[in-house]
Amino acid sequence: MKILSAEFVTAAHAPGRYPPPALPEIVFAGRSNVGKSSLLNALLGRKGLARTSGTPGRTQAIQFYRVNGKFLFVDLPGYGYAQVPEAIRRTWRPLVEGYFSDRPVVRATVVILDIRRDPGEDDLRLLQYLAHARIPAILVLTKADKIARGRIQARVAAIARAGLGELTLPEGDLIVFSSTTGLGKSALWRRIREAIEG
């Protein structure tokens, strides 16, 4: 997809502080330090639009970005990082669940996993929640450039076998991605476009 414009809209720190639900929304979710901001920047061709941080868990709000004036990318706070204060971690669930319960314009959620690691309990809970809420999930395995090319298919198979929530996932449904090399970018855009167009 050709990106003509991509702009930050707002950051919501509490339920109900979201923009009016006027455009289709694609949500991005994953554990802290999984490469979510890098993935967003790679998709949009903007190096610093979504802020990357050396401190996992730094993003503690829901970030909204308008793309081509036609749809929104929504960046959820990363989850599962132990060094984030407990008081802050407790605010994430109501913030995120409040968002999903109030957004009829959500078309899909891109669930981001690190290809080097099996899904954790937080990943499975998210996938179970999405399945229960009937929100389509697009699974992306990031950091593919961090492992040997010959190991990629074995890791895809292992993650598919891990039992991702209530979903049955053929290996072909998992998008292997690298924000460094661009691997998987076209495949992910194709899935996003299909979700937006319905």
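Tabulated data
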| item | result |
| --- | --- |
| Selection from segment 18-39 of residues that are of a type outside the set (Gly, Ala, Ser) and either at pLDDT below 95 or assigned to a helix (DSSP H, G or I) (or both) | 18, 19, 20, 21, 31, 33, 34, 36, 39 |
| Within segment 40-58, tally of residues that are at pLDDT 85 or above and touching a helix residue (DSSP H, G or I) at 6+ places or on another chain (Cβ under 7 Å) | 2 |
| Count of segment 1-23 residues which are touching a residue at least 60 places away in the same chain (Cβ under 8 Å) and more than 25 Å from residue 194 (Cβ to Cβ) | 5 |
| All positions within segment 5-17 that are part of a loop (DSSP other than H, G, I, E, B) and either at pLDDT 90 or above or surrounded by 14 or more Cβ atoms within 10 Å (Cβ to Cβ) (or both) | 5, 15, 17 |
| Those residues of segment 95-112 which are part of a helix (DSSP H, G or I) and either surrounded by 15 or more Cβ atoms within 10 Å (Cβ to Cβ) or touching a helix residue (DSSP H, G or I) at 6+ places or on another chain (Cβ under 6 Å) (or both), in sequence order | 95, 96, 98, 99, 100 |
| Residue check, residue 94 farther than 15 Å from residue 73 by Cα and in contact (Cβ under 8 Å) with a residue 12 or more places away in the chain | yes |
| Test: residue in segment 113-123 that is aliphatic (A, V, I, L, M), touching a Leu at 6+ places or on another chain (Cβ under 8 Å), in a loop (DSSP other than H, G, I, E, B) and more than 27 Å from residue 12 (Cβ to Cβ) | yes |
| Of residues in segment 1-32 being over 17 Å from the mean Cα position of the chain (by Cα) and of a type in the set (Lys, Arg), the one nearest to residue 95 (Cα to Cα) | 17 |
| Only one of 61, 87 that is surrounded by fewer than 19 Cβ atoms within 10 Å (Cβ to Cβ), at pLDDT below 80 and hydrophobic (A, V, I, L, M, F, W, C) | 87 |
| First in segment 40-69 and in a loop (DSSP other than H, G, I, E, B), second anywhere and at pLDDT below 85 and among the aromatic types (Phe, Trp, Tyr), Cβ under 8 Å, 6 or more apart | 56/81; 57/81; 60/92 |
| Number of positions in segment 128-153 that are among the charged types (D, E, K, R) and either touching a residue at least 40 places away in the same chain (Cβ under 8 Å) or touching a Pro at 6+ places or on another chain (Cβ under 8 Å) (or both) | 1 |
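The values are calculated or read from the model by the stated rules, or taken from the named source; none is laboratory data. Quantities reported herein were computed from a predicted structural model and do not represent experimental measurements. Glycine gets a Cβ as well: all are built from the backbone with ideal geometry, and neighbour counts include every protein chain shown.
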